[in-house]
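Any read-out appearing in this document is the output of simple, stated calculations on the displayed coordinates, not a laboratory observation. Just so you know, these numbers come straight off a predicted model, no measurement behind them. Don't worry about glycine lacking a Cβ; one is built from the backbone with ideal geometry, like all the others, and counts go over all protein chains shown.
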Ligand code: BES
Ligand code: MN
Ligand code: ZN
């Protein structure tokens, strides 16, 4: 049976790191900083152990580098985890987030029950306290996350609970940090929740199940409402794209609509649209069996939107946001959509389906048209849309396509803040020509080349003059194996990016 995920609490306060009892004390260290007061103070107490490590070259304090020394009863913590921050001049907020994630991930590995995170002291004024607090909290959740819902009872890799305290010796700075930690806790918790939903396999979550989760999220979040269109309503509304994709499965499709309405006076409305294919077999254009299991992650865009909507509703920015999550299961069967079928999308545009595995764009075009009807000022969609995007950018960055350069800049800024990387790719113009059909308005695939851009261009056809951007997150949706920062499986990509984007929009 499914079990609860690791229970992590993250708090912040003013304290002298040396005096706080903990299983692990994580201390940030620059590779080129000889004035680290906290390090020096610890070193004095533990008889120069840190200096020895450095002299032997065992710890150079580069990013991703860690080393452990033992407290031996001379400081309050049992262990000191030295966490490399790299060169002082090159430090970015993302490095602080990663350092916190790495520390907490190590603490989970050590089966620690308590960790004190003292990273901000080394950072000094390089990053403001509020930002530092937010990213450390986000990192703490990210690093602690393990997907262990279905791990057997006897497995001792599970960890009951972990208490993480972020401390800084300076009272004013600690207050700033606490402020940031509040937002970081909300975003971090939501991202862990999103990772769990995305990690669940197709037999555990189907479109109806995802809709139920979305409703439950809305019920538990003041300011957030949720409406779901079932397959009957989809037929009434003539949402032909999502219906065609869902036709082959006995698990019928759903269109999930979440609304956050700000209590503050604002007429601005942002639309977030996320692809949620709960399993993508390819349909009649079936995928090869190797790796097909990873297509349970094909709902990651929609799950990212669901997470962002929850975080946004809790952070209460002065902007209205509508989250639209078309969800279907792409399966082959006697009732499935065939290659060659011509379908009529919700917008009225007809589409020749040349490949049933290019299904994401078929559900998104209905979602995008719905967002346009809702008169959104701008629309951002997010989807695990093309293998081509992963070929182009690898597993490090998502593709970003848009019809508006200003929106690109805004998303690049949110990307910088969130550490969820994007790279601008083209769409429109010559790419659009590739998706013209001879027998319908559009066809759902282009040539062999530039697949991310032809997919983006297809979506662009459905937004008219509305400012729109598309994030192709195929490749960054999941880790193939555990890393220093995080565990295998869903990354929860997009929760931080979309939330930051919306918060920035509200500040204008
Ligand atoms: N969900 C896949 C894209 C994908 C591939 C995501 C690998 C993550 C990892 C999408 O529905 C798909 O199958 N796209 C096809 C499009 C093609 C038929 C034009 C692809 O990329 O092969
Ligand atoms: Mn597909
Ligand atoms: Zn897909």
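Given the peptides 338-345, 411-418, 190-197, arrange them by the average over their residues of other C-beta atoms within 10 Å, most packed first.
Per-residue Cβ counts within 10 Å, averaged per peptide and sorted highest first, yield 190-197, 411-418, 338-345.
Can you tell me the FRET efficiency between residue 60 and residue 175 if r is taken as the Cβ-Cβ distance and R0 is 56 Å, rounded to the nearest 0.05?
Efficiency, from the Cβ-Cβ distance: 0.95.
Compute the long axis of helix 171-199 from its Cα atoms, compare it with the longest principal axis of the Cα atoms of the chain, and write down the angle in degrees, 0 to 90, nearest 10.
Rounded to the nearest ten degrees, it is 40.
Just grab the label-to-label distance for residue 289 and residue 230, each label 7 Å out from Cα along the Cβ direction, in nm (one decimal).
A separation of 3.5 nm, rounded to one decimal place.
Based on the Cβ-Cβ distance of residue 341 and residue 430, what FRET efficiency does E = 1/(1 + (r/R0)^6) give at R0 = 41 Å, to the nearest 0.05?
FRET efficiency, residue 341 to residue 430: 0.95.
Looking at region 363-508, what % of its DSSP beta bridges pair antiparallel, to the nearest 5?
Roughly 45 percent of the beta bridges in region 363-508 run antiparallel, per DSSP.
By how many nm would the segment from residue 52 to residue 70 grow when fully extended, if each residue of separation counts as 0.36 nm and the alpha-carbon distance is taken off? Don't skip to the end; give the middle numbers.
Values: separation 18, 0.36 × 18 = 6.48 nm, distance 1.31 nm.
Contour length minus Cα-Cα distance gives 5.2 nm.
So, R0 is 56 Å and r is the distance between the beta-carbons of residue 406 and residue 163; what FRET efficiency does that work out to, to 0.05?
0.85
Please give the helix 129-144 orientation as an angle from the longest Cα principal axis of the chain, in degrees from 0 to 90, rounded to the nearest 10.
Compared with the principal axis, the helix lies near 70 degrees.
Just to be sure I understand: of the beta bridges DSSP finds with both ends in region 176-335, what percent are antiparallel, rounded to 5?
60 percent
Going by how many other Cβ atoms sit within 10 Å of their own, how do 40, 252, 299 line up, fewest first?
40, 252, 299
Counting only DSSP beta bridges with both residues in the chain, what percent are antiparallel, rounded to the nearest 5?
35 percent
With a point put 7 Å past each Cα toward its Cβ, work out how far residue 437 is from residue 216 in nm, to one decimal.
According to this spin-label approximation, the distance is 3.9 nm.
For the residues 254, 146, what sequence is obtained by ranking on other C-beta atoms within 10 Å, fewest first?
Numbers: 254 28, 146 22.
By the 10 Å Cβ count, ascending: 146, 254.
Need one number: nm distance between label points at residue 90 and residue 40, each 7 Å from Cα along Cα→Cβ, rounded to one decimal.
Each label point is offset 7 Å from its Cα along the Cβ direction, giving 2.5 nm.
How far is helix 495-507 tilted off the main Cα axis of the chain, in degrees rounded to 10, range 0 to 90?
It is inclined by approximately 90 degrees.
What number, rounded to the nearest 500 deg cm²/dmol, is the helix-based mean residue ellipticity at 222 nm of the chain, given -39500 (n - 2.57) per DSSP H run of at least four residues and division by all its residues?
It comes out at -11500 deg cm²/dmol, rounded to the nearest 500.
Can you tell me which of 224-236, 18-30, 376-388 comes out highest on packing, and rank the rest after it, using the mean Cβ neighbours within 10 Å?
Packing proxy ranking, top to bottom: 376-388, 18-30, 224-236.
Arrange 13, 361, 219, 448 by Cβ neighbour counts within 10 Å, fewest through most, would you? Let's see the in-between values first.
Numbers: 13 15, 361 30, 219 11, 448 8.
By the 10 Å Cβ count, ascending, the order reads 448, 219, 13, 361.
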